[in-house]
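Here's the structure we're looking at; comments come further down.
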Amino acid sequence: MSAFEDFLTSRLTELEAASLRRRLQLSRPLTAARILRNGRTLHNFSSNDYLGLASHPRLMAAAHEAIARHGAGSTAARLLTGTLPEHIELEEAIARFKRTPAALSFSSGYAAALGAIPALVGPGDVIWLDKLCHACLIDGARLSGATLRVFPHNDLGVLENRLRSFRDKNAHARVLILTESVFSMDGDASPLRELVEIKERFGAWLFVDEAHGVGVLGERGRGLADALGVAGRIEVQMGTLGKALGASGAYICGSEALREFLMNRARSFIFSTAPPPASAAAAKEAIVILEQTQEGHELLGRLHARRAQFVRALPQSQSVSAIFPILTGAESAAMHASEMLQQYGFLVPAIRYPTVARGAARLRVTLSASHSPEAVEALASALREVLPSTSSTPTRDATWGAESKAVASGAWHAHA
Ligand SMILES: *Cc1c(COP(=O)(O)O)cnc(C)c1O
């Protein structure tokens with residue numbers, strides 16, 4: 001036992017020395033935009049609750065009702081007795097909202113990626129993934145046993161060249177491309193329209209994770225693929241229910257055959273207890289609000305008004321989404337800036353390796369419809385004070401041209 005404890009302690013000391021040790025901190029949400037931490041009330045610029053739906057009365061009521069009707073837990077895996085009316089209603093709502101023939105829900109985005117990717121490809125197949133893909137896509141890709149290739153972030157020129165030379169030698173290999181619509185730590189978007197054209201040219205399949213796109217971009221928050229008119233050409237669309245949708249869980253949507261296939265082959269779906277009915281019911285309610293109500297429309301409008309305001313107040317922060325990365329480079333500089341902001345009453349996390357590359361540490365500001373204009377203004381002035389003068393947003397790859405023009409013209413933000 002003591003050798004084991006020594007091992008753990010020495011590894012933790014190493015992390016501490018490198019400014020990489022993480023700690024859990026208790027948060028008590030007070031409102032959608034304010035939390036209590038260490039006895040202090042802070043403006044929360046750290047959550048992924050982009051529309052403030054997590055504490056929306058309608059989502060909370062839907063969760064309560066589901067508990068009253070069918071209990072706190074789902075009692076079994078989906079393929080046994082765990083498929084409750086709430087799961088079916090959720091999946092029908094997702095498919096309708098995303099305008100796909102079918103959808104399948106998972107207990108988390110991590111589980112969705114870990115189940116779906118190895119179901120779709122395996123040894124002998126090839127996966128190409130964007131350098132900045134989320135850990136769950138990387139882990140799913142590794143678990144699949146397929147050959148892994150990484151392309152530079154959003155660099156479709158490189159991807160195209162490599163796919164072409166690969167295809168010359170491997171005409172029939174199965175190829176799966178993994179990317180995100182909005183990247184979780186950079187807040188920038190994938191040039192999906194061009195990517196769809198490339199994958200079609202080389203007979204590859206495309207898997208797009210819309211964790212930070214759904215509920216943020218496109219008409220009624222349907223996501224970037226829908227906004228760009230390419231959703232119907234993407235084999236696998238994934239999204240999460242615990243971010244802008246304010247609940248918990250995730251979905252994969254696409255064809256009816258995809259749903260049937262994953263329900264038979266995705267191990268994280270098969271061998272795991274179904275999500276509790278409360279979270280499925282809450283997620284469905286979020287979709288109904290977004291899709292069908294004036295309030296949903298207004299929430300999206302408010303989020304994009306806050307975005308525009310933040311960019312005006314802090315022009316060095318640029319983003320097409322609700323995520324604004326502010327690079328500090330050194331891990332310790334990010335930690336210091338984050339602590340200073342806390343002194344001023346703002347919760348803005350420092351993001352460090354291994355979440356981002358070493359030396360690419362940053363502050364990650366996330367905006368929400370629930371922030372007041374005054375809070376956004378106050379954060380921007382605190383940032384101006386706290387930031388080292390060298391801070392900037394991550395530089396973009398050259399392939400961005402056409403897409404960034406669309407962004408500048410507001411074409412992606414139906415509510416901008
Ligand atoms: C958060 C996130 C996930 C994981 O979703 P969870 O439901 O939190 O497990 C997957 N992909 C991306 C890009 C994410 O940001």
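The values are calculated or read from the model by the stated rules, or taken from the named source; none is laboratory data. Keep in mind that this is a model prediction, so the values were computed, not measured. Heads up, the Cβs are rebuilt from the backbone with ideal geometry, glycines too, and the neighbour counts pull from every protein chain shown.
Given region 264-334, what helices (runs of 4 or more DSSP H) lie entirely inside it while holding 3 or more residues that are under 16 Å from Gly213 (Cα atoms)? Let's see the steps before the verdict.
Numbers: elements: 267-270, 277-292, 294-313.
Correct list: 277-292, 294-313.
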Among the residues that make up region 154-172, is at least one of them farther than 22 Å from Pro118 by Cβ, touching a Ser or Thr at 6+ places or on another chain (Cβ under 8 Å) and among the charged types (D, E, K, R)? yes
Residue within region 186-196 that is part of a helix (DSSP H, G or I), within 15 Å of the ligand (Cβ to nearest atom) and closer than 25 Å to Thr355 by Cβ present: yes
Considering region 161-185 alone, what residues qualify as being of a type in the set (Ser, Thr, Tyr) and either crowded, with 24+ Cβ neighbours inside 10 Å or within 16 Å of the ligand (Cβ to nearest atom) (or both)? Thr179, Ser181, Ser184
Complete set of residues in region 355-368 that are within 17 Å of the chain's Cα centre (by Cα), surrounded by fewer than 24 Cβ atoms within 10 Å (Cβ to Cβ) and in a loop (DSSP other than H, G, I, E, B): Thr355, Val356
I'd like to know if region 228-240 contains one or more residues that are among the small types (Gly, Ala, Ser), under 20 Å from the mean Cα position of the chain (by Cα) and in a helix (DSSP H, G or I). yes
Residue among Leu176, Leu159, Leu163, Leu114 that alone is assigned to a helix (DSSP H, G or I), in contact with a Leu (Cβ under 9 Å, 6 or more places away or on another chain), farther than 30 Å from Ser74 by Cα and at pLDDT 95 or above: Leu159
Out of Ala54, Ala103, Ala72, Ala3, sole residue that is surrounded by 13 or more Cβ atoms within 10 Å (Cβ to Cβ), outside any strand (DSSP E or B) and among the aliphatic types (A, V, I, L, M): Ala54
Could you tell me whether Ala361 is among the small types (Gly, Ala, Ser) and touching an Asp or Glu at 6+ places or on another chain (Cβ under 9 Å)? yes
Take region 333-354 and flag every residue that is surrounded by fewer than 17 Cβ atoms within 10 Å (Cβ to Cβ) and modelled with pLDDT under 90. Tyr353, Pro354
Residue that is farthest from the ligand (Cβ to nearest atom) [pool: residues in region 197-216 that are closer than 18 Å to Leu137 by Cβ and among the acidic types (Asp, Glu)]: Glu210
Can you pull out the residues in region 16-48 that are within 27 Å of Glu295 (Cβ to Cβ) and out of contact with any Pro (no Cβ under 9 Å at 6 or more places or on another chain)? Ser27, Arg28, Pro29, Leu30, Thr31, Ala32, Ala33, Arg34, Thr41, Leu42, His43, Asn48
Could you please find all residues in region 217-248 being in contact with a Gly (Cβ under 8 Å, 6 or more places away or on another chain), under 16 Å from Tyr50 (Cα atoms) and within 13 Å of the ligand (Cβ to nearest atom)? Gly223, Leu224, Gly239, Thr240, Leu241, Gly242, Lys243, Ala244, Leu245, Gly246, Ser248
Would you pick out the residues in region 108-145 that are touching a helix residue (DSSP H, G or I) at 6+ places or on another chain (Cβ under 8 Å), within 9 Å of the ligand (Cβ to nearest atom) and closer than 21 Å to Arg259 by Cβ? Gly109, Tyr110, Ala111, Ala112, Ala113, Cys136, Leu137
Do you know which residues across region 262-288 are among the polar types (S, T, N, Q) and more than 16 Å from the ligand (Cβ to nearest atom)? Asn264
Residue among Ala266, Ala274, Ala250, Ala278 that is farther than 18 Å from Glu89 by Cα and either at pLDDT below 95 or touching a helix residue (DSSP H, G or I) at 6+ places or on another chain (Cβ under 6 Å) (or both): Ala266
For region 82-100, does any single residue satisfy the condition of being closer than 21 Å to Ala283 by Cβ, within 16 Å of the ligand (Cβ to nearest atom), modelled with pLDDT of 95 or more and of a type in the set (S, T, N, Q)? no
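Keeping to region 249-261, report how many residues are away from the ligand (no atom under 16 Å from the Cβ) and either outside any loop (DSSP other than H, G, I, E, B) or not small (Gly, Ala, Ser) (or both). Steps first, please.
Of all residues in region 249-261, those away from the ligand (no atom under 16 Å from the Cβ) come to 254-261.
Checking which are either outside any loop (DSSP other than H, G, I, E, B) or not small (Gly, Ala, Ser) (or both) leaves us with 254, 256-261.
Summing the residues that are away from the ligand (no atom under 16 Å from the Cβ) and either outside any loop (DSSP other than H, G, I, E, B) or not small (Gly, Ala, Ser) (or both) in region 249-261 gives 7.
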